[in-house]
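Here is the structure we will look at.
The values are calculated or read from the model by the stated rules, or taken from the named source; none is laboratory data. Everything numeric here is computed off the predicted structure, so don't read it as measured data. All Cβ positions, glycine included, derive from the backbone under ideal geometry; neighbour counts span all protein chains shown. Accessible surface is based on the protein model in full, side chains and every heavy atom, while ligands, DNA and RNA are left aside. Shrake-Rupley method; radii C 1.70, N 1.55, O 1.52, S 1.80 Å.
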Amino acid sequence: MNNLEKEFLKAYDKLSDAIFRHCYFRVFDKEKAKDLTQDAFTKTWEYIAAGAAVDNLKAFIYRVATNLIIDHHRKHKDISLEGLREDGFEPMSQDHRDIVVSAELRKVIEGINKLDDEYRDAVMMRHVEDMSVKDIAKAAGVSENVVSVRIHRGLAKLKELLK
Amino acid sequence: MNFPEIKNIRLSKEEKEQIKNNLRVFVEKHPVRNPAPARLVWQRSLLTNLKINIKPMPLVIILALVFGGSTTWAAEQSLPGDVLYPVKVNVNERVVTALAIGEEAKANAEVKLAEKRLVEIEELSVRGQLDAEVKEELEAAFEEHASKVEDRIQKFEEKENFKAAADVAANFEVSLRAHEDVLKRLAALAASDNADTQMPSDVAPNRRADGDAVIDAKFEHSLKVADRLKTTEAIRIKAETKFLERKPEGDDEKHASVVREVLKDAENALERATKQYREHQAKLDADFSAKMEASLKAAGEGIVQGKAKIQAEAYREAVVTLNRSINLSKEVLASIDRYLNVDAKVRTNFNLDKTIDKRIDKMVPLR
């Protein structure tokens, strides 16, 4: 195994939890989130092996993961999560045992669930993954200004939802 | 809000290990490709013919890959004519656009691509390598990206997302302004080359033996950057106006929380731009200096106005005013950067000195 490959696997160690959470909070299915996490890393490696220059690996993997999530939603239009959310339905897996959380945390998760994607991503990346606004901007492909707005609006909406 | 507790949502150690093992297998099955012989990739017309796919492919040049932080990679710096240029355009840029998520990110990606083509035109110009064919291709590529930017802005307006329309237009405006000066200077050099047959030989190194200038295309371009700049500015102002006109209920409170961040951004941006200007002031010519000072002054005024609007609780307006200030500061930074970059190379490559500059300024005023 050469240096590049070692570096990549080290990056997996550092980033896999954050990427898993990112996926989970979009699909609310632990098994699916696991698959998406693995796919995000393998797809990123495909790009690297093909010769793409990757400047910021973290931002890159986030973007790859988000793309995969969007593909997943498209394929499952019948059981669309957006549709479920609109009906007020809690799209966690039937089991509820896949993620063990306190009742209070569950409320927070439900609130986060109701945010629009871009607000949710911004809030989670900032306050759960402790990413800088700069890094979030790179991951989202928008300016830092826009990221700040999304974080503030997301938090405000979340506070409202959790009242 | 117990965000830290959310961090407990993670894969178990075993699950993590399992995925890692799968990854290891995958990585070993898909090694990074070996360098291919250069002649198999290089072609005359580099921008259109090569169809390199992201999936495993037979002919790819290996690039130096670095994780995290900023470094230069061979392909990103390449220009038409370089072996790695096809990879820059067909691989790197396709990846970037494919991964731009959301309409605003996609629009900003197109702005960046348009700017890359301008940079390439400038870089080739200063090396005296801008031949007619490549120039045409780069100009066409720029126009294509610029059109896409305008289309996307229009879509935002149709959806009445005036903030996004204004933001993207502003980004494009900043880009164009930074390059407008440089391209004007280069065009002036082209005009002076053609106009003055008594240029000393060290200034026109590409003259053929029979005395005819081979340098026509060296600096020339047909880009209508000034026109596009005017249009984009008008679009931005229109979008800002529409944005200000709408005032949904309870909207001002939303902007109140954001506006302090924006004010901080504006102050930081101005500080950086001013510092950069002072540092390099001695190297800038009088005209350009004056332009930069005017922009910095306007940026400062924008901050003062923004603060006043905050006091008056007109938060939406404050955000717009402060964003304008930020963009002015960004323009100064980008313009100085291009100026220094290009100017230094032109002087080195073509042995220009201050007397030549004065001649050029007289013949073709830069304003």
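Observations, loosely collected:
- Here r is the Cβ-Cβ distance between residue B:226 and residue B:3 and R0 is 41 Å; the resulting FRET efficiency, rounded to 0.05, is 0.25.
- When the pairs B:116/B:184; A:157/B:106; A:107/B:16; B:106/B:275 are compared against a 21 Å limit on Cα-Cα distance, A:157/B:106; A:107/B:16; B:106/B:275 fall above it.
- The A-B contact accounts for approximately 5700 Å² of buried accessible area, totalled over both chains at a 1.4 Å probe radius.
- Peptide-level mean, for B:134-143, of C-beta atoms on other protein chains within 10 Å: 0
- Label-to-label distance for residue A:67 and residue A:2 is 2.3 nm, based on points extended 7 Å past Cα in the beta-carbon direction.
- Net charge dipole size for the range B:95-170 [Lys, Arg +1 and Asp, Glu -1 on Cβ; Debye, nearest 20]: 320
- Three-way shape call for the range B:252-302 based on the alpha-carbon gyration tensor, with the a/c threshold at 1.5: prolate
- Packing, as the average of other Cβ atoms within 10 Å across residues, places the peptides B:118-128, B:140-150 in the order B:118-128, B:140-150, highest first.
- Greater than 32 Å apart at Cα, pairs in B:230/B:283; B:7/B:307; A:163/B:163; B:224/B:297: B:7/B:307
- Label-to-label distance for residue B:133 and residue B:30 is 3.6 nm, based on points extended 7 Å past Cα in the beta-carbon direction.
- Test item: B:100-107 mean partner chain Cβ contacts at 10 Å: 6
- Taking a ≥ b ≥ c as the square roots of the Cα gyration tensor eigenvalues, the range A:103-143 comes out oblate, since a/c reaches at least 1.5 and a/b does not exceed b/c.
- Taking all protein chains together and a 1.4 Å probe, the residues B:246, A:63 rank B:246, A:63 from largest to smallest accessible area.
- Per residue accessible area of the range A:1-55, 1.4 Å probe, in Å²: 32
- Ranked packing of B:14-22, B:234-242, A:154-162, most packed first, by mean Cβ within 10 Å: B:234-242, A:154-162, B:14-22
- R0 of 45 Å, Cβ-Cβ distance residue B:290-residue B:160: FRET efficiency to nearest 0.05: 0.70
- Whole-Hz ³J(HN,Hα) from phi, Karplus 6.51 cos²θ - 1.76 cosθ + 1.60, for the range B:155-169, glycine and proline x: 4, 4, 5, 4, 7, 6, 8, 6, 4, 5, 4, 5, 5, 5, 4
- Shielding value for A:15-27 is 3, the average number of Cβ atoms from other chains within 10 Å of each residue's Cβ.
- Sites residue A:116 and residue B:184 - FRET efficiency at Förster radius 60 Å, r taken between beta-carbons, to 0.05: 0.90
- Whole-percent pair-distance distribution, where bins are 5 Å wide, for the alpha carbons of the range B:103-177: 3, 17, 25, 19, 14, 9, 7, 3, 1, 0
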